[in-house]
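Notes to accompany the following structure.
The values are calculated or read from the model by the stated rules, or taken from the named source; none is laboratory data. The structure presented is a predicted model; accordingly, all values stated were derived computationally and were not measured. Cβ: placed from backbone, ideal geometry, glycine included. Neighbour counts: every protein chain shown.
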Amino acid sequence: MTPIIATITFPLIGAYLAIFWLILPVFNYFRDPKGLRKYQKLAFFSGISDIPYCYLSSKGFRSKGITEAHKKAKSAILRIGPNNLSFSDVKAIKDIYGHSTPCLKDLKYSMTGGPHPNIFDVVDKAKHSEKRKRLSAAFAIKNLVHWEFKVADTTARLLNAFDARCTEPLPAGSNPMKSDLTIEFNHWINLFTIEAINSIALSSTLGVLEQGDDVVTAERMDGTKYKAHYRKAQNTSAYAASHFVWDYQNFWLFCQLSKIMPKWRKIWRETEPWKDVIYHQTITRLDRYQKGEKLDDFFASLMDSKSGAPYNLELGEIIGDVGAFIDAGADTTAIALTQVLELLIRHPNHLDTLRQEVDSVLEGETVAPFEKVRHLPFLRSCLDEAMRIIPPTSAGLPRRTPAEGAMILGEWIPGDTSVSMPAYTAHHDPSVFLNPEEFQPHRWMDPEAKKKMEPFFVPFSTGGRGCIGRNISYLEQTVMLATLVHRYEFALPDASWKLQRFEAFNLLMGQMPIKIWRR
Ligand code: HEM
């Protein structure tokens with residue numbers, strides 16, 4: 001930069017920052033047009049900037065941070081940004097997310113979505129209903145039977161990998177040797193959920209379970225192909241956005257500024273293949289469709305109505321929705337399965353109870369048949385209790401009040417305000433879940449108690465924008481957990497070992513090295 005340009009540029013940047021980051025926000029804070037100044041703040045600067053919330057997000061567990069901040073402030077409503085309110089009373093769930101809420105998905109979704117909104121990030125109610133209706137049959141509980149054989153087949157492929165990595169039984173009371181920790185469970189279970197969703201959604205087999213890694217083909221729109229890390233690209237995309245997206249005004253600027261740092265340049269580079277993986281998966285399946293192959297998968301429901309009439313969607317929309325399935329449908333279920341296994345290994349009494357229940361219905365099958373295990377009450381209690389204690393999507397899902405405002409928790413919240421309630425906060429409310437920090441699957445076994453807890457158990461969110469893949473996830477989780485506990489014994493490195501997490505959009509899990517051996 002020449003000295004003359006520098007003399008003009010730096011004062012301009014300085015003036016921009018002073019006006020838009022300080023003078024206007026402070027002026028608006030005191031002018032208080034929406035009356036939000038009465039609420040307690042997450043941090044000293046939360047009334048004038050979203051940076052404190054971005055900072056909390058960058059620390060890796062914002063849902064827990066927000067839960068603690070509500071407790072510390074002894075307040076059910078917390079101002080977490082100039083135009084952003086967090087709620088901690090479970091009664092707010094219905095107001096913000098319930099079927100009759102007037103709130104819509106917040107700006108976050110359009111900012112991180114692609115050029116064609118997909119079923120996950122589309123904001124407009126009518127457009128969302130149209131998409132959801134098209135896909136509802138494919139996701140319906142009565143149609144699970146279509147996907148069961150795909151899940152069973154993928155489970156059997158994971159067992160091949162696990163059988164090959166089995167070790168000798170662990171002598172009672174000892175810790176495994178490092179060389180016996182042959183399975184990084186979170187890695188393998190992610191490969192399983194990646195294969196399962198690609199099979200269910202696109203009739204595609206990637207071969208990652210046979211390879212033991214996440215390397216797949218990515219394809220640019222000009223047709224050039226290259227090899228890319230599927231899971232790494234997906235997770236890094238969520239990781240990168242989660243640092244900056246909460247400041248809607250400055251999101252783009254923060255992303256660009258971050259690229260000054262070599263660490264962030266590398267991170268953004270690693271995100272790039274994700275769109276090319278989605279493109280390759282879509283184009284490959286589209287080619288099979290155009291050649292007249294009849295396949296039973298989500299893609300088929302996206303292309304033609306039940307009577308066979310084509311929807312004639314634009315390619316961009318098809319790519320968008322395929323991206324939504326394979327993005328939303330893999331890591332969430334993998335997080336749930338890693339979490340439940342960790343908790344069960346740490347609570348051998350519950351693992352024993354679960355084994356007895358599963359063993360009582362299985363008769364030598366390698367993969368647990370869904371029909372035999374789907375109604376086992378303790379199995380379902382273990383899955384739900386793990387998703388209660390650590391919801392895979394723990395953080396507050398941002399919604400926006402309509403222009404005319406909305407009643408939340410008995411308070412009138414002005415229009416165009418961001419509002420949210422973290423599932424983590426709801427699931428750790430002691431007035432609903434007694435001793436919320438304890439893993440107690442039995443809490444779900446009493447039908448009366450269950451009825452009281454259920455409205456506030458929201459790992460899949462709730463209402464019209466609740467998870468459409470819930471039944472499929474339960475299918476995968478139920479078959480996988482029953483199969484694993486029936487076939488293997490497991491051990492963690494030692495009692496002090498801790499599972500690492502980073503909350504991007506979902507609560508991504510770190511490595512979980514385990515020793516396994518056949519029962
Ligand atoms: C344990 C597993 C899962 C959890 C915890 C989970 C959680 C959620 C949550 C909390 C939402 C609402 C997101 C928001 O409002 O921003 C959601 C939406 C969604 N999920 Fe899941 N999910 C899981 C599995 C799946 C699976 C297997 C699929 C299969 C494709 C899937 C597909 C979707 C889609 C397409 C949406 C958007 C629905 C809409 O807006 O109409 N999810 N999920």
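Listed by position, the strands (runs of 3 or more DSSP E) enclosed by segment 327-442 that each have at least 3 residues that are within 15 Å of the ligand (Cβ to nearest atom) are 418-420. Within the option set Lys41, Lys34, Lys91, being at pLDDT 95 or above and closer than 24 Å to Phe460 by Cα holds for one residue only, Lys91. Check segment 158-171 and report whether any residue there is within 13 Å of the ligand (Cβ to nearest atom), in the same structural domain as Thr332 (by TED's automatic domain parsing) and not in a strand (DSSP E or B). Within segment 158-171 (the criterion being within 13 Å of the ligand (Cβ to nearest atom), in the same structural domain as Thr332 (by TED's automatic domain parsing) and not in a strand (DSSP E or B)), the answer is no, since none of the residues qualifies.
A count restricted to segment 194-216 and to residues that are without any contact (Cβ under 8 Å) to a residue 24 or more places away in the chain and assigned to a loop (DSSP other than H, G, I, E, B) stands at 3.
Mind checking whether some residue in segment 286-308 is among the basic types (Lys, Arg) and free of Cβ contacts under 8 Å to residues at least 24 places away in the same chain? Yes - at least one qualifying residue is present in segment 286-308.
Number of residues in segment 445-460 that are within 16 Å of the ligand (Cβ to nearest atom) and farther than 23 Å from Trp147 by Cα: the value is 5.
Are there helices (runs of 4 or more DSSP H) fully within segment 14-107 with at least 3 residues that are in the same structural domain as Ala126 (by TED's automatic domain parsing) and touching a His at 6+ places or on another chain (Cβ under 9 Å)? List them. Break it down into steps so the answer makes sense when it comes.
Values: elements: 24-31, 51-58, 62-73, 92-97.
Per the criteria, 51-58.
In the condition set (1) assigned to a helix (DSSP H, G or I); (2) surrounded by fewer than 21 Cβ atoms within 10 Å (Cβ to Cβ), Ala324 is compliant with all but (2). Which one is nearest to the ligand (Cβ to nearest atom), of the residues in segment 100-143 that are buried (at least 21 other Cβ atoms within 10 Å of the Cβ) and over 19 Å from Val322 (Cα atoms)? Restricting to residues being buried (at least 21 other Cβ atoms within 10 Å of the Cβ) and over 19 Å from Val322 (Cα atoms), the top hit is Lys105.
Screening segment 71-99 for residues that are within 16 Å of the ligand (Cβ to nearest atom) and among the small types (Gly, Ala, Ser) and picking the one that is surrounded by the most Cβ atoms within 10 Å (Cβ to Cβ) gives Ser86. Within segment 498-505, one or more residues are assigned to a strand (DSSP E or B), buried (at least 21 other Cβ atoms within 10 Å of the Cβ) and either within 16 Å of the ligand (Cβ to nearest atom) or touching a residue at least 40 places away in the same chain (Cβ under 8 Å) (or both).
When we screen Ile260, Ile278 for residues that are away from the ligand (no atom under 16 Å from the Cβ) and either out of contact with any Leu (no Cβ under 6 Å at 6 or more places or on another chain) or at pLDDT below 95 (or both), the only hit is Ile260. The set of residues in segment 416-452 being without any contact (Cβ under 8 Å) to a residue 60 or more places away in the chain and among the hydrophobic types (A, V, I, L, M, F, W, C) consists of Phe433, Leu434, Ala449. Hey, can you tell me all the residues within segment 308-326 that are under 30 Å from Lys232 (Cβ atoms) and more than 16 Å from the ligand (Cβ to nearest atom)? If the condition is that a residue be under 30 Å from Lys232 (Cβ atoms) and more than 16 Å from the ligand (Cβ to nearest atom), then Glu314, Leu315, Gly316 are the ones that fit.
Please indicate, with yes or no, whether at least one residue in segment 365-378 is under 26 Å from Pro493 (Cβ atoms), touching a residue at least 40 places away in the same chain (Cβ under 8 Å), surrounded by 18 or more Cβ atoms within 10 Å (Cβ to Cβ) and in the same structural domain as Met421 (by TED's automatic domain parsing).
Taking every residue of segment 365-378 in turn, none turns out to be under 26 Å from Pro493 (Cβ atoms), touching a residue at least 40 places away in the same chain (Cβ under 8 Å), surrounded by 18 or more Cβ atoms within 10 Å (Cβ to Cβ) and in the same structural domain as Met421 (by TED's automatic domain parsing).
When segment 16-41 is limited to residues that are over 33 Å from the mean Cα position of the chain (by Cα) and hydroxyl-bearing (Ser, Thr, Tyr), the one that is farthest from Pro402 (Cα to Cα) turns out to be Tyr16. What do you reckon, is Val245 closer than 30 Å to Val145 by Cβ, touching a residue at least 60 places away in the same chain (Cβ under 8 Å) and either crowded, with 20+ Cβ neighbours inside 10 Å or hydroxyl-bearing (Ser, Thr, Tyr) (or both)? Considered against the rule, which asks whether it is closer than 30 Å to Val145 by Cβ, touching a residue at least 60 places away in the same chain (Cβ under 8 Å) and either crowded, with 20+ Cβ neighbours inside 10 Å or hydroxyl-bearing (Ser, Thr, Tyr) (or both), Val245 comes out as no. At pLDDT 95 or above, of a type in the set (Phe, Trp, Tyr) and surrounded by fewer than 20 Cβ atoms within 10 Å (Cβ to Cβ): is that true of Phe460 in this structure? Against the criterion (at pLDDT 95 or above, of a type in the set (Phe, Trp, Tyr) and surrounded by fewer than 20 Cβ atoms within 10 Å (Cβ to Cβ)), Phe460 qualifies. All but one of (1) modelled with pLDDT under 95; (2) part of a helix (DSSP H, G or I) hold for Gln249, so report the exception by its number. So the condition that Gln249 fails would be (2).
Among the residues making up segment 464-477, those that are surrounded by fewer than 21 Cβ atoms within 10 Å (Cβ to Cβ) and either more than 9 Å from the ligand (Cβ to nearest atom) or assigned to a loop (DSSP other than H, G, I, E, B) (or both) are Gly466, Cys467.
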